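Student: Take a look at this one; I'll ask things after.
Where a number appears in this text, it was derived from the coordinates with a stated rule and is not lab data. Small disclaimer: the values here were computed from a predicted structure and weren't measured. In this analysis, Cβ positions are derived from the backbone assuming ideal geometry, glycine residues included, and neighbour counts consider all displayed protein chains.
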Amino acid sequence: MPSSQVPDGTEVVVEVTPSWPRRRSPLTRGRALQGALPYLLILPVLVVIGAVLGYPLYKLVTLSFQRYGLFELIQRQGEWIGLDNFSSVLHDGVFWHTLERTIVFTIVNVGLTMVLGTLIALLLVRVSTWVRVLLTSGLVLVWSMPVVVAVQIWFWMSNFQNGILNHVLTQLHVGDFFQHDWYATTFSKLAMVTLLIVWGAIPFVTITVYAGLAQVPRELVDAAEIDGAGPLRVFRDVTFPILKPIFLILTSLSIIWDFGVFAQPYLLISPSNVDASNYLMGVYVYIEGYAQTNFGRGAAISLLMVVMVAAMSVFYVRRMVRMKDVQ
Amino acid sequence: MTTATETTSAAATAAAQNGRRAALVRRERRRRISRAAWNLVGLAVFAVMVFPVFWMASTALKPDSEINSFTPTWFSTSPTLDHFRDAINRPYFWDAVKNSLIIVGVTVVLSIVLAFLAAVALAKYRFTGRSLFVVAMIGILMLPQVGLVIPLYVVLAKYHLTSDDPKRALTAVIITYMTFLLPFAVWTLRGFLLGIPKELEEAAMVDGSSRLGAFVRILLPLVAPGLVATSVFVVITAWNEYIFANVLLTNQSNHTLTVWLSYFTGSSRNTDWGGLMAASTLTAIPVVIFFLLVQRRIAFGLTAGAVKG
């Protein structure tokens, strides 16, 4: 084959039906290059991702079967211990409690985010234009807050000495919150983290759902209303079915993000106060693996977590790929 | 007889018309009232959502006496820039600014160039392995980043990239950011490229341009807005990132702004709230500006085409 001299082009050449009757000349160098071009174009991205992600992912698997602490890190050689890390993790009550807490936390956070985000989107349809512009700009402002900044604001607002949250709640006669410590119990700590996450996540959901609402035909809603359907009926029978794909994608994205959340709980509960009583999966992996330099065991926890999230992502990825085929 | 019925029917129509007009007026009034009620709800939601951001800026501008008072003031009566002065004079602030700028700058340039090449391949060519590549890109976006902290740290430590040497440490952070931003950039740019009609490019080629010429003269200007939007998103994400920067930048002088900010208070009870809020404001301002610039374009990237599909 003359074209076999062309580097990287050979496999493509074979595919291009070699016995095409009308072809006068064999494949030219230029043609083979054309075939190789897309591969050359994606090559740099593949190299970077392969080196910085592919290799660590492989390493994640091997590490989880090794004893690998600070000593091994310096030696750069772990000791193979089979499934010991996994059995240690799976027999640890902390793992199961953390998993359970994280699942409940994720359900509450995703539920609140989706419900409040959707309600605000529906509200956006009903208000005057100037309120809509104002509210949308406000949401974008919230959306743009860096997570670490948001944590510091929350920290300040819920400060037990002179936090504005205590002051406002006391003023509103919700109860006496003078010097109330919001970080006293696990429930209260995680509730503050939930507030922070839901606040930060609402803008994305609201703006996406609002964009979707614009695609619901006005006549359908009008027709339903003339037939006597109340707002709840209209939402259930008209709006929701049309927006279902958007809701599914937003929900699965939120589940994936909230399940693996790290910075908000770690920083808001504060690094010196996170412990087994208030771990979420992300924090648990970080503390037990990285911070305690028990890399082997940490890798086992990480691997379990990655597999769980990957299972949850299957839906989203399939959906996105299907859309790509349509386009 | 007939006239009588006509008059009655005429009267009936008039009455009916009046009644209908009254109903219309009533409905119009009811609509206006409900619109006003919804507007009030909208304003309340706006107030609640924006309050934390307002409180940050407001606190940053207050003198300490107002901040530490038990009865908070909403707007300061004597605003001051002292806290901003304190914040930028804190140790390592300017180091952090410099590090953040270097990391963000290098990451955005490299990511956009590499991602653009791959996006062209995805948008303009059909090739074996294309679907697999797309699945890999989207799959990476879904990985829990904290789950990769350990293997990344171990691998980068192996190549001495987790040292205190700023060049090595920053390199480690940059290549890590690129890995997680490339899939996003490829995916978004591909969307922008698909929006360009193939005919335009073909027309240029018929007119005698080479493929490269067509690319530079036709494709590039058309995709420029997409490049800008994607770059801005990369800038924002890299600027805000915390987990990997915190793990990989062990030396204080190598910290980025977000890591610097996370160490602002430590765990002491006597926090300098004014300084903390001023520092938070300074960290947030570049992002807010950038975000307002491209919000419209980026908002739908992750769900693009969901309704159509």
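Student: Among B:His255, A:His97, what is the fewest-to-most ranking by other Cβ atoms within 10 Å? Mind showing how you got there, number by number?
Tutor: Details: B:His255 23, A:His97 14.
By the 10 Å Cβ count, ascending: A:His97, B:His255.
Student: Compute the Cα gyration tensor for segment A:99-255, then decide on rounded, prolate or oblate, letting a ≥ b ≥ c be the square roots of its eigenvalues: rounded whenever a/c is under 1.5, prolate when a/b is larger than b/c in the other cases, and oblate in all that remain.
Tutor: On the way: a/c = 2.16, a/b = 1.86, b/c = 1.17.
Here segment A:99-255 falls in the prolate category.
Student: Please compute the average number of Cβ atoms from other chains found within 10 Å of each residue's Cβ in peptide A:266-276. Let's see the in-between values first.
Tutor: Details: counts 5, 5, 0, 0, 3, 5, 2, 1, 0, 0, 0.
Averaged over the peptide's residues, the number is 2.
Student: Give me the distance between the Cα centres of segment A:163-226 and segment B:77-130, rounded to whole Å.
Tutor: 30
Student: Then there's this: Calculate the mean, over all residues of peptide A:237-249, of how many other protein chain Cβ atoms lie within 10 angstrom of the residue's Cβ. Can you show the working numbers first?
Tutor: On the way: counts 0, 0, 0, 0, 0, 1, 2, 2, 6, 4, 1, 1, 4.
Going residue by residue through A:237-249 and averaging, the value is 2.
Student: Once phi is turned into θ = phi - 60°, what whole-Hz ³J(HN,Hα) does the Karplus curve with 6.51, -1.76 and 1.60 give for every residue of segment B:51-58, x standing for Gly and Pro?
Tutor: 3, x, 5, 4, 5, 4, 5, 5
Student: Amide H neighbours of A:Glu79 under 5 Å, counting only residues 5+ apart in sequence or on other chains, H built in-plane at 1.01 Å?
Tutor: Hits under the 5 Å cutoff: A:Arg67.
Student: Divide by every residue of chain B the summed helix terms, -39500 (n - 2.57) for each DSSP H run of at least 4, and state the resulting mean residue ellipticity at 222 nm, rounded to the nearest 500 deg cm²/dmol. Don't skip to the end; give the middle numbers.
Tutor: Details: 13 runs with 227 residues, N = 309.
Dividing the helical sum by the residues of chain B leaves -24500 deg cm²/dmol.
Student: How far is helix B:273-298 tilted off the main Cα axis of chain B, in degrees rounded to 10, range 0 to 90?
Tutor: Helix B:273-298 sits roughly 60 degrees off the main axis of chain B.
Student: If you average the alpha carbon positions of segment A:44-78 and of segment B:211-225, how far apart do those two centres end up, in angstrom?
Tutor: Result: 40 Å between the Cα centres.
Student: Chymotrypsin sites (Phe, Trp or Tyr not before Pro), restricted to segment B:145-191: which are DSSP loop and have at most 16 other Cβ atoms within 10 Å? Before the final figure, lay out the partial values.
Tutor: On the way: sites: B:Tyr153, B:Tyr159, B:Tyr177, B:Phe180, B:Phe184, B:Trp187; in loops: B:Tyr159.
Sparse-neighbourhood loop chymotrypsin sites (Phe, Trp or Tyr not before Pro): B:Tyr159.
Student: Using a Förster distance of 30 Å, how high is the FRET efficiency between A:Ile81 and A:Thr186, based on the Cβ-Cβ distance and rounded to 0.05? Present the calculation step by step, with values, prior to reporting the outcome.
Tutor: Numbers: r = 33 Å, r/R0 = 1.10.
After rounding, the FRET efficiency stands at 0.35.
Student: Using a ≥ b ≥ c from the Cα gyration tensor of the protein assembly as shown (square roots of the eigenvalues), is it rounded, prolate or oblate, where a/c under 1.5 gives rounded and otherwise the larger of a/b and b/c decides, a/b for prolate? Don't skip to the answer; put the middle values down first.
Tutor: Details: a/c = 1.87, a/b = 1.12, b/c = 1.67.
Oblate.
Student: Of the peptides A:164-174, A:252-262, B:53-63, how do they stack up when ordered by the mean number of other Cβ atoms within 10 Å, highest first? Display every interim value, and only then the final one.
Tutor: Numbers: A:164-174: 14.2, A:252-262: 22.1, B:53-63: 20.2.
For the peptides A:164-174, A:252-262, B:53-63, the packing ranking is A:252-262, B:53-63, A:164-174.
Student: Using the alpha-carbon atoms, what tilt in degrees (0 to 90, nearest 10) does helix B:149-158 show relative to the longest principal axis of chain B?
Tutor: 30
Student: For segment B:237-244, what does the Karplus curve 6.51 cos²θ - 1.76 cosθ + 1.60, with θ = phi - 60°, yield as ³J(HN,Hα) per residue in whole Hz, taken in order and with x for Gly and Pro?
Tutor: 4, 5, 5, 7, 4, 10, 4, 5
Student: Rounded, prolate or oblate: which one fits chain B, using the alpha carbon gyration tensor with axes a ≥ b ≥ c (rounded when a/c is under 1.5, else prolate when a/b beats b/c, else oblate)?
Tutor: Values: a/c = 3.01, a/b = 1.31, b/c = 2.29.
Taking the square roots of the gyration eigenvalues as a ≥ b ≥ c, chain B is oblate.
Student: A further question on this structure: Against the longest principal axis of chain B, how steep is helix B:93-124, in degrees 0 to 90 to the nearest 10, with axes from Cα atoms?
Tutor: 70
Student: Still on this structure: Over the whole of A:124-135, what's the average partner chain Cβ count within 10 Å per residue? Rounded to a whole number, please. Mind showing how you got there, number by number?
Tutor: Numbers: counts 3, 1, 7, 11, 5, 0, 2, 9, 2, 0, 5, 7.
That works out to 4 on average.
Student: What ³J(HN,Hα) values, in whole Hz, does the Karplus curve 6.51 cos²θ - 1.76 cosθ + 1.60 give for segment A:114-119 when θ = phi - 60°, with x put for Gly and Pro?
Tutor: 5, 5, 5, x, 5, 4
Student: Based on DSSP loop calls and a cut-off of at most 14 other Cβ atoms within 10 Å, the longest stretch of chain B free of exposed trypsin sites (Lys or Arg not before Pro) is what? Mind showing how you got there, number by number?
Tutor: Working: sites that count: B:Arg126, B:Arg269, B:Lys308.
With trypsin sites (Lys or Arg not before Pro) excluded where exposed in loops, chain B gives B:127-268 as its longest stretch.
Student: Using a 10 Å cut-off on Cβ atoms, rank the peptides A:226-232, A:151-157 from the highest mean neighbour count down. Don't jump to the answer; show the numbers that get you there.
Tutor: Details: A:226-232: 10.1, A:151-157: 24.3.
Per-residue Cβ counts within 10 Å, averaged per peptide and sorted highest first, yield A:151-157, A:226-232.
Student: Shifting gears a bit: Once every DSSP H run of n ≥ 4 in chain A is given -39500 (n - 2.57) and the sum is divided by its residues, what mean residue ellipticity at 222 nm do you get, rounded to the nearest 500 deg cm²/dmol?
Tutor: Values: 16 runs with 221 residues, N = 327.
About -21500 deg cm²/dmol.
Student: Next up: Quick one: if you stick a label point 7 Å off each Cα along the C-beta vector at A:Trp130 and B:Asp164, how many nm between them?
Tutor: 6.0
Student: Would you calculate the separation in nanometres between label points at A:Ile242 and A:Ala214, each defined as 7 Å from the Cα along the Cα-to-beta-carbon direction?
Tutor: 1.4
Student: Sticking with this one: Let's test the formula: R0 of 60 Å, r as the Cβ-Cβ distance of A:Val307 and B:Ala14. What FRET efficiency results, to the nearest 0.05? Before the final figure, lay out each step's value.
Tutor: On the way: r = 77 Å, r/R0 = 1.28.
Calculated transfer efficiency: 0.20.
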